Structure formats: structure tokens, C-alpha cells
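So the structure is just underneath, and the comments pick up after that.
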Amino acid sequence: MHAITYEAPKSLEHALRLLAAAGEKGRVLAGGTDLLIQMRAGVRTPERLIDAKTIPELQVLSFSPHEGLRLGAAVPCYRIVEDPVLCQHYPGLVEAAGLIGSVQIKNRCTVGGNLCNGSPAADTTPALIALGAVCYVASPRGTRTVAVEDFVVSPGRTVLQPDEVLVEFRIPAPPPHTADCYQRFIPRNEMDIAVVGVGAAVTLDGEVCTAARIGLGAVAPTPLFAREASASLVGKPLDDEAIATAAELAQKIARPITDMRGTAEYRLHLVGVLTRRVLKVAAERARAR
Amino acid sequence: MELQEHKFKVIGTRPIRHDGVDKVTGRAKYGADISLPGMLHAKVLRSPHAHARIKSIDVSAALALPGVKAVITGKDLPELPPGSQQMGELVVNPRYLSMNIMARDKVLYDGHAVAAVAATSPHIAEEALKLIKVEYEILPPVLDVRKAMQDDAPILLPELRTSGTPEKSDKPTNIASQVRFARGDLEAGFRAADVIVEREFTTSMVHQGYIEPHNAVAQYNADGHGTIWVSTQGPFSVRELCSHILQMPLGNIKVVPAEIGGGFGGKTTVYLEPLALLLAKKTGRPVKMVMSRAEVLRATGPTSGSYIRCKMGATKEGKITAAQVWMAYEAGAFPGSPVGAGCMTILAPYALENLQIDGFDVVLNKPKTCAYRAPGATNAAFAAETVIDELAEKLGIDPLEFRRRNGAKEGTAQPAGPQFRRIGYIETVEAIMNSEHYRSPLPHVPGKLVGRGVASGFWFNAGFQSTAIVSINSDGTANVVTGSPDIGGTRAACAMIAAEVLGLKAEEVNPVVTDTESIGHTDVTGGSRVTFATGYAVYEAAQDAVRQLKERAATIWKVKPEDVVYQDGVVSCVNNGHEPMTLKQLAGRLARAGGPVTGRAAVNPRGVGPGFATHVVDIAVDPETGKVDILRYTAAQDVGKAVHPSYVEGQIQGGVAQGIGWALNEEYYYDENGIMRNTGFLDYRIPTCLDLPMIETILVEVPNPGHPLGIRGVGEVPIVPPPAAIANALYRAIGVRMTELPMSPAKVAKAVLEKNKAPQ
Ligand SMILES: Cc1cc2nc3c(=O)[nH]c(=O)nc-3n(C[C@H](O)[C@H](O)[C@H](O)COP(=O)(O)OP(=O)(O)OC[C@H]3O[C@@H](n4cnc5c(N)ncnc54)[C@H](O)[C@@H]3O)c2cc1C
């Protein structure tokens, strides 16, 4: 155990300076619901914590039909769950944010932290992938964008450099007859990490699917965009057969492991079950719009 | 004075518990709340290997770290001779116990203690652990009970020989002991059967999951006396075990029990206590130790995983003709699984003429098991009650009716021999048969498969030694002092028993749990014994106080004590016109009538009343994910006499909750190297409140003839039926007999898939 300094920058620019000065010893702190636990367990040993929650740029939460959603990386999940506009336009993202931990955890934790922690099982990541969310990343060198599905590189590691901060997510406004859904499987009814998580968003024109995206969690070293499965739905009616085909294609890209949360065989089975289930719910929601 | 059931004024009511306000306001002092001036903090270095020889330990760098005051390893603990000893109610092997709390030449499981450091802060102690250099020679681990029994298995304890075998062998082995219970003619019994069912079962090692981690604060004085403050179920056992392990005179150790945040059997032995006392001795300063959750899971005593084969036969009329059981229990790294109790409980609810039960106690590279609520009985009932259910199904008899036809009654010989006195097993079966739950149809749940299951369970309960003091205060209230840590509302129960005898209200009695120097010997809070045995001592001590009060009144009135009557807190004189005195009036006059009144009693009651339970559960299964939801649960139990019905119901609900966790999700998950992978409550899945329905209870009161108030132990038997009841419900829902615990979603989903694939 060593001494830690804590900084609460009041602007992004200040935060970037602090982070650059700290080098390898610095780390962004959002809700701390992953980071503090990892520090206690000795898994991560940062010496300088730079608080993301005090940076105004990271607290943005706005929606317009024209711009879509801007979701600041440090917005706590309770704000997402309680936001009527998000509930209306992005029910799947709200479902995912609502599943994280307990009321207490949701009051602290953030979607940015969920992604930057780099866990393949993070609940909001497949939901973001389904929505085609893009990450805005800032550093002293400027700003770059990264698709959510390209953000995590291996368990616990992301594309972020030590001097980079995830500022916000941008998510397109949903076209007419578009809806998303996220479901995960856990053995209990709360306080668990996804054995498998699947997010899906679909757009319908009548019964025909004109766009679809499926994101998978906890079935590979990183969260996955199920590209082929998604593409297989486009141009077809969203019926049981199309859904079954997409589920099988999603299973094809899953490379799960066996661990204390489930066997590889079981996870593969669940990818099929959950893909079918979320596609059905998303389709029903899209029809209702 | 004889207390008649219909006259109870306090027993059977639901007063607020005496320790309640302190607990809900956060004032109660648990083990980790204790802090002494100049106190050091100690941490334990634990083995990262499941099985390894310790080649060397270099503590020099740790000792050199500023703030570090002492380091101990196995070398600092006395070497003890082999062999077991009777210690109170426990048979203990002090040598193995010492080797368990600090490894000597070998580490035998992931988390086995290797060294301990005392420093001026917990952080320094932690840093110092990283500076200890241990050289290991890694050995192959053995993690499966049947593999551990094989001739070519890696041997854990070279000195171990199987006890209980017909012929003595000098071969090193992992089989610590074997037992057999048999009677009648097994073959003839199976020949007489119209239906025979035989199945194999496996269960995983599971932990009690108490919320409060183990802790100890120790102080050692220059005069050779030491004090230990600790959250424990047995302060007297801690004293005795520390005396053995450290070779200190028993009378030189005082143990002060802190408030206890759960035990369930897991806090009946020692882990940190001797280490803290030894470090206190070495440093001359008080030493505090508190485990992390991971340490609790890796290195304290869970209960056994097991392998059980069970075969039973029955006639068309529904009479069981024979039963044969073969069971091997994981002891952990040192001998002492509850396989004996498993053998003695597995068939106990039934009247059987022909039976044979073989049990094996097997060491392997997992933590040494400790008691857990009805130790050994839950695994056993999972096997036997599934087979019973299948027999009933094959015979087309209602499973409860089948149990009623074969159920044990007064006079039935137990598998282990002795006959039952008056018991209430059949009454629990009938209580479920007649319950609104069992008579209601199963609910329909869209998209789910639903099923209902029943199962029964048995537990002996315990007696053992207890001491109690009941003293009368000058205002006519009373104090009850015992040595039984309160893990289930027993302060309230003891106060209520004294109040009943003295004619006081429950809140006019102050129950106190004290240390080992302030009360006579009292065995552990365990075996569901406190309300029975300590309650017995309280009853006797209160009677002793009443006898003295009558003497004092006789002195005041100048009559014979026999002429004084004590009734409902009032003394009166049978044959002359003295004005009756309330206890309050009499208590105020004691100073001039012979001095204070203190009743006392020390007991070792033999009339233990066993506990029986029958449960019914409704479940809904998601056929695709295999997830099981408990829709409704009702538990009927013979509780003898419910002193405080709310706490009896609480015990039943708690036991069922743990049984449901054991059934569905809980397990020690080891990788192939024997490293435990789920060392926290995230992945060691005890049920959350969202996973449980309100658990309904039916209290069946068949008084125990062996207790003046009819009391039986109630705390343990409710954990016994749930896994079997849920397995039987699963069968009704999915058509597959689940024979492996936990019946986790993955296993259930696989069972459904395979059943659907199989040709019908
Ligand atoms: C009891 C409990 C239950 C939980 N349940 C769930 C669950 O059901 N599902 C689930 O997915 N997770 C769960 N979690 C994990 C955790 O709560 C989530 O991953 C959460 O979203 C993390 O967010 P945070 O803001 O607390 O992140 P932090 O812990 O603050 O940060 C996580 C990581 O991201 C980095 N980081 C954070 N923000 C930024 C940024 N803007 N720029 C750069 N790096 C950044 C940090 O440096 C750190 O490495 C649970 C945790 C607990 C303690």
C-alpha cells in the first residue's frame, strides 16, 4: 500500500495536463466501482487519481433528433435510467445501465467506466455496439474517434493511451421504426456479472428489416460486434427463421471460455438463446413505433 | 414448580429481543470493533499452491521493514504428538489443528497459512508479507474425493492410516476413517422389493457464508496470562484449543466473546486466535487480526463435498424393504468430515429393518472442513430423499403418503441403533399434506416449466454442558448470565425462560453473555443446543432462585419454607394470614433477610429431542437458460416448544435460504491446479433477497419429553431438505433427476437439452 494523490480537475484541458504529467502512474477515476476494488486487490496500482466526475465536458447528456445522443463518459448510470428521453429512444441502453450493480452502485458508476475498464462482460458495451456508438477520445494531441466495438483490445486493456481521456459517446438518433434491447444472463436475480450479454437494435420498414446491429458480451476476450449475424437480417422480414439464422451466426463468432461463471458450451448455448430473445423484443418495440 | 403448557405466560410470546436495539443502531461490538492501546495489526501469508513442500522460508526482509514487530512461521508453534483427544463435546486432533492454522513442512490447500506478520499498521503488515520469500516444491494436488481414495493418489499426510478398518494396514492413505452401520438382511430386503431405485449423487464443497469474517484480538501479560477477544461460537473451546496449540495452561487464558455476525458452525474452531496470542507474546503488545472475505473462503472451514450412492427397494404397498448407502465425504486437508453424521442421519426419518451404510472420511487438497448447520445431513438427504421420491413415483404413491407409511415414530430404531423417544416426524409430513400450499394447484407461469417437490430431513440436535446464573436485583428484576454466544436469538429465549419461572416480563430480565472467567464451563453454541441446554440451565437456575426466595420469605414471616408458595412473581404463605409479597417487595427486603439471591445451575442434559422437518417447494424453470426461480416455499418442522416463535421461524427461514443457495448455485470452484477461483460473494453465489420468496413456516409442537419445557433444538434441520425438495421439483418440471449439486442453470439447461434430444 502506498500514498495516493487525488485530483479534481475543473476542465478537460486541466485534466489532460494532470494526466500527462502523471504519466504511467496516473489513472482516471470515474465512479470508482471497478477501479477502487482493483486497487484494493492490488490488480492496479495507480499513484495519481484524476477525477472524471468534476469535468464538465464529461457530464454532457443531451439528445436532439438532428444530432442524436451525446452521453458524457462520467454521467452516472442513475441519470441514464431516470432520463425519460433516453427511456423513450434507447430502451436497450437504459436496460443495460439499469442492470449494473445495485442502487448504490448505479449512483456512482458510469458507462465510460464500464467501457474503459475493458471487461468483456461489461453490460453497457453490447448495448452501445448495437446502437453504433462512437467514442470521442481527447489527449494533448487533440481528439480522435473510435467505434465502441474497436475500443477494448484484450481483457482489461483498451485503445486508450495513458494520457487519453474518454470524453463522450455519440449515438445517432434512431430512424423511424427503430428500437434496441439488451438482455444478459446471470444465475441469480441481481448482483452478478453477465455470463453472456446480448444487445440488438433493428430498424423496420413494414415487416422488412432495413438495418440491424448485434453486440455480444462475455463470449470472447473483448465485446464483439456480430457483423455477419447483423447483416443476415437486412432485407428480410424479421420472422422466427431470420432470427434463428442470425442467432446461429452470432454463435459462430463467439469464442467463450470456461470459468466459474459458466462453461464455454453453456455460454455458446446462451448466445443463441439471448440473441433470439433480444431480436424479438427489439422487433416488437420497433413495430410499436 | 411444574410449568404447565397451558399456563405459559411468556414462553410462546414474541417480545422484542434484548440485543436488538444495539444491533440495529450499530452499537453492538463485533470482533473487528475491538481496539486496544498500542495495538499491532497482523496479517497472514497464505499458500498460492494447493499442494507443495515448503523448502525454505526467509523472513529477514520482512523483519527489516520499519514498523514490523514480529514474524512467525510453523517453527514458532510447538510440535504436538499425534492422536485425537476428547475436548468437551469435540473430538479434536490438536496436532492437525495446529498444522492447519500454520503449515509445517507442507502446504495442503490454496490459502493454507505459511507465516504471519505483526506490524504497527495493517498496511505495513501487508507490505511485509510481500517480502517473505517462500521456496516451494510443487506437488500434484488431488481435488476429487473418489480420486483421493485411489491407491495411486497423491498422499497429503504421510503419517495417516485408515481407522475403523477390520484389518490394520500400514499403507499411507488419504482415507482417514471408515464406518459402517448395518442391520437386518440386506439381500432378503431387496428380494422382497417390487421396485428398486439406485442412483449416484455428488455435491460440492460449500461455505456457511456468515457475513462477519473471522477476527481476534489478543493480549499477553508478563505474568503468563493472556486474553483473547473474538467473535466465536465457543469461547470455552477457543480457550481449550489455544491451550493445546500453544501449550499454555488453560487457566492462564481468558476468552471474551464479542458479538457474532453469523457462524452456522464455522466459528466453532480456531484459526487466528492462537496466532494473535503468540504474536502478542512475542511483541508484548496487543495484536489484532481480521480476515478478508477471500481468506474466509479459502482458508476457513466449509462443509464437505461428497459422493453418495444410494439404493432402496420398496413393495407395491409402499413399504421400504431395504436401503444401502455408500458415501465418501471430503474432509479437506485434515481428517474430520461429518461423514459419521451423514451416515447416521441419511435414513433416520424412516423405520427400516434392513440397511447398510458405509461412510468414508477422505482428505484432499481443499481447506479443512468445519461444522455447517446439521453437518453432513444435507448432502445425505439430497441423495436419500431423491431416491425416496423416485420410489414413490414408480409406485404411484403420493410422495408424502409414502413418507408417512415409512416414517419413524416413538420406538423406531435409528440407523445407528438407539430408539427414538416421542418425535414429531409424521406430524411434519401431515402438516405439509394438510397445508394450503400443498393443496393448491401449481401456478402457471408463461414460458416456464413449473414443478413441485417435497423432502424431509432429520437432525439429532445436541445437549452438552451449560452453566447459568440467575441473580435477583433489588428492584425485583433479574439478570441471566450464560456463556453461550447468541447467534440465533438465544439471549431472548434464555430471558424468557427465566421470566416464565420468576413470573416476570421478558423485558424485566437482562440476559448477558459473558467470558470464560465469569461463568462455569459452557460448550459451544452449536448443535441447536443453546435454548435446549443453556435454556435448561437457566430454567434450573431460576428454580434455584425461586427456592431461595421462598426461604427468604419464610425467614421474614418466620414460617417453614415449605409453607411458602411462589406463583406468578408473588410469594404467599399457605397457612397463615401474611400479606403476600410481590417479587419486587421481597427483593427490596433481601438485604435484611439473608442477603442477595443468586440462583445457579450447571447441566449436562441427556434428554435431547431430535428435529424433523418436511418441506414443499414450487419452482419455475426457464427451459432455455436453465434458471430456477423459487415461486413458493413452505417448511413444516417439529420445534418441540417454540419459546420465541419469531426466532424459531427466523431459524427455519435462514436454514431454508442457505439450503436453496446450496441447491442452486453455491460451490467451491477450483481450477485444475486446485486454486479457488470464486473467493468473493460475487462468484460464490449465496442467494440475494431477490432470489427468495417469503419462506412460509409451519411450527409443529411435539414437546420433547427430555426437557422440562418440551424444548427441542430448531436451528439446524431446516437446511436439510431444500436441495432434495428442489431436485424433486425439478424432476416434476423438466422430467430429469438432477443428481449433482449445485443444480446450476448450466446443468439444468443441459439436462433439458439432452432430454429433448433423446428419442422419446
Ligand atoms: C457490487 C458491484 C456490482 C457490479 N455489477 C455490475 C454489473 O451488473 N454489470 C457491469 O457491467 N458491471 C458491474 N460492476 C462493475 C462496475 O460497476 C461497472 O463496470 C461500472 O460501469 C464502472 O464504472 P465506474 O464509473 O465506477 O468506473 P471506474 O471504476 O471509476 O473506472 C473503471 C476504469 O475505467 C477508467 N476510466 C473511467 N472513466 C474514464 C474516462 N472517462 N477516460 C479514461 N478512462 C476512464 C478508470 O481509470 C478505470 O480503469 C459492478 C461493480 C460492483 C462493485
Long-range HN-HN contacts of B:ALA258 with modeled amide H, under 5 Å: B:VAL230, B:SER231, B:THR232
message: Among DSSP bridges having both ends in chain B, what percentage is antiparallel? Round to the nearest 5.
response: 75 percent
message: Give me the percent of accessible area attributable to carbon and sulfur for chain A, probe 1.4 angstrom.
response: 55 percent
- prompt: Quick one: Cα centre-to-centre distance for the stretch A:2-62 and the stretch B:428-464, in angstrom?
  reply: 53 Å
- request: Give me the distance between the Cα centres of the stretch B:562-583 and the stretch B:201-267, rounded to whole Å.
  value: 47 Å
query: How much of A:ARG289 can a 1.4 Å solvent probe reach, expressed as accessible area in Å² and rounded to 10?
result: 100 Å²
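Within 10 Å of each candidate Cβ there may be at most 14 other Cβ atoms; applying that plus a DSSP loop requirement, which trypsin sites (Lys or Arg not before Pro) in the stretch B:358-410 survive?
Details: sites: B:LYS368, B:ARG373, B:LYS394, B:ARG403, B:ARG404, B:ARG405, B:LYS409; in loops: B:LYS368, B:ARG373, B:LYS409.
Qualifying residues, ordered by number: B:LYS409.
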field: Dipole of the protein assembly as shown, positive direction: furthest Cα of B:HIS225, B:ALA431, B:TYR210, with charges on the beta-carbon
entry: B:HIS225
- prompt: Over the C-alpha atoms of chain B, what are the Rg and the largest Cα-to-Cα span, Dmax, in Å?
  reply: 27.2, 92
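If you rank B:TYR271, A:TYR78 by how much accessible surface each has, with a 1.4 Å probe, what is the order from largest down?
A:TYR78, B:TYR271
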- prompt: How much accessible surface does B:PHE460 have with a 1.4 Å probe, in Å² rounded to 10?
  reply: 50 Å²
task: Treating the Cα atoms of the stretch B:66-161 as identical point scatterers in vacuum, please give the log10 of the normalised Debye intensity I(q)/I(0) at q = 0.11, 0.23 Å⁻¹, two decimals.
output: -0.47, -1.23
- request: Name the residues whose placed amide hydrogens come within less than 5 Å of the amide hydrogen of B:TYR669, ignoring near sequence neighbours (fewer than 5 apart) on the same chain.
  value: B:ARG677, B:ASN678
task: Please state, rounded to one decimal and in Å, the Kirkwood hydrodynamic radius that the stretch B:660-734 gives when every pair of distinct Cα atoms enters the mean of 1/r.
output: 15.8 Å
query: How big is the protein assembly as shown in terms of Cα radius of gyration and Dmax, in angstroms?
result: 32.0, 108
query: Taking only C-alpha pairs under 8 Å that are 6+ residues apart, what is the relative contact order of the stretch B:372-517 in percent?
result: 15 percent
field: Span-like helix ranges in chain A, DSSP H, alpha carbon extent 24 angstrom or more, Kyte mean at least -1.0
entry: A:264-287
query: Relative contact order (percent) for the stretch A:178-287, with alpha-carbon contacts under 8 angstrom and 6 or more residues of separation?
result: 30 percent
Candidate lysines for bridging to A:LYS236, where Cα separation is under 22 Å - those fewer than 8 sequence places away on the same chain excluded: A:LYS252, A:LYS280
- line: The correct ranking of A:THR222, B:THR428 by accessible area at 1.4 Å, largest first, is A:THR222, B:THR428
- line: Square roots of five times the C-alpha gyration tensor eigenvalues of chain A, ordered largest first and given in whole Å, equal 32, 21, 16
field: Fraction of antiparallel bridges per DSSP, the stretch A:1-148 only, in percent to nearest 5
entry: 60 percent
Solvent exposure ordering (accessible area, 1.4 Å, most first) of B:ASP358, B:ASP170: B:ASP170, B:ASP358
query: Quick one: longest stretch of chain B between exposed loop GluC sites (Glu not before Pro), exposed meaning at most 11 other C-beta atoms within 10 Å and loop per DSSP?
result: B:318-671
field: CD proxy at 222 nm, helix term only [per DSSP H run n ≥ 4: -39500 (n - 2.57); per residue of chain B; nearest 500]
entry: -8000 deg cm²/dmol
- prompt: In whole angstrom, how long is each semi-axis of the equivalent ellipsoid of the stretch B:1-125, when you take the square root of 5 times every eigenvalue of its Cα gyration tensor and sort them from largest down?
  reply: 43, 25, 13
The stretch A:178-287: equivalent-ellipsoid semi-axes (sqrt of 5 x gyration tensor eigenvalues, Cα, Å): 25, 14, 10
task: Only Cα pairs under 8 Å and at least 6 apart count here; give the relative contact order of chain B as a rounded whole percent.
output: 15 percent
query: What total accessible surface area, summed over both chains, is buried at the interface between chains A and B, computed with a 1.4 Å probe and given in Å² to the nearest 100?
result: 2200 Å²
statement: Note, B:ALA118: beta-carbon cut-off 15 Å, +1 each Lys/Arg, -1 each Asp/Glu, net +2
- request: Assign unit charges at the C-beta atoms only (+1 for Lys and Arg, -1 for Asp and Glu), then state the dipole size of the stretch B:377-476 relative to its Cα centre in Debye, rounded to the nearest 20.
  value: 160 debye
Straight-distance crosslink candidates among aspartates and glutamates, where the alpha carbon sits under 18 Å from B:LYS75 and sequence neighbours closer than 8 are dropped: B:ASP58, B:ASP105, B:GLU135, B:GLU273
message: Which residue, B:GLN247, B:THR490, B:ALA331, has the largest displacement toward the positive end of the dipole of chain B when charges sit on each Cβ (Lys, Arg +1; Asp, Glu -1)?
response: B:GLN247
- line: Checked against the positive end of the charge dipole of chain B (+1 on Cβ of Lys and Arg, -1 on Cβ of Asp and Glu, about the Cα centre), the farthest of B:THR531, B:TYR670, B:THR516 is B:THR516
task: Read phi for every residue in the stretch B:153-165 and hand back ³J(HN,Hα) as whole Hz from Karplus 6.51 cos²θ - 1.76 cosθ + 1.60, θ = phi - 60°, with x for Gly and Pro.
output: 5, x, 8, 7, 10, x, 7, 6, 10, 5, 9, x, 7
query: Taking springs between alpha-carbon atoms closer than 10 angstrom, which of A:PRO46, A:PRO187, A:PRO162 fluctuates most in the Gaussian network model of chain A?
result: A:PRO187
task: Evaluate the charge dipole of the stretch B:473-586 about its Cα centre and quote only its size in Debye, nearest 20, assuming +1 on the Cβ of each Lys and Arg and -1 on the Cβ of each Asp and Glu.
output: 220 debye
query: For the stretch A:196-215 and the stretch A:142-167, what is the separation of their C-alpha centers, rounded to whole Å?
result: 26 Å
- request: Please get the size of the charge dipole for the stretch A:178-287, origin at its Cα centre, with Cβ charges of +1 on Lys and Arg and -1 on Asp and Glu, quoted in debye to the nearest 20.
  value: 240 debye
task: For the pairs B:LYS319/B:LYS448; B:LYS130/B:LYS254; B:LYS43/B:LYS106; A:LYS106/B:LYS29; B:LYS394/B:LYS755; B:LYS319/B:LYS627, note any where the Cα-Cα span goes beyond 26 Å.
output: B:LYS319/B:LYS448; B:LYS130/B:LYS254; A:LYS106/B:LYS29; B:LYS319/B:LYS627
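The values are calculated or read from the model by the stated rules, or taken from the named source; none is laboratory data. Since we're looking at a predicted model, the values are computed, not measured. Ideal geometry is used to build each Cβ from the backbone, glycine not excepted, and the neighbour counts take in all protein chains shown. Accessible surface areas use protein heavy atoms only, side chains included; no ligands, DNA or RNA. Shrake-Rupley method; radii C 1.70, N 1.55, O 1.52, S 1.80 Å.
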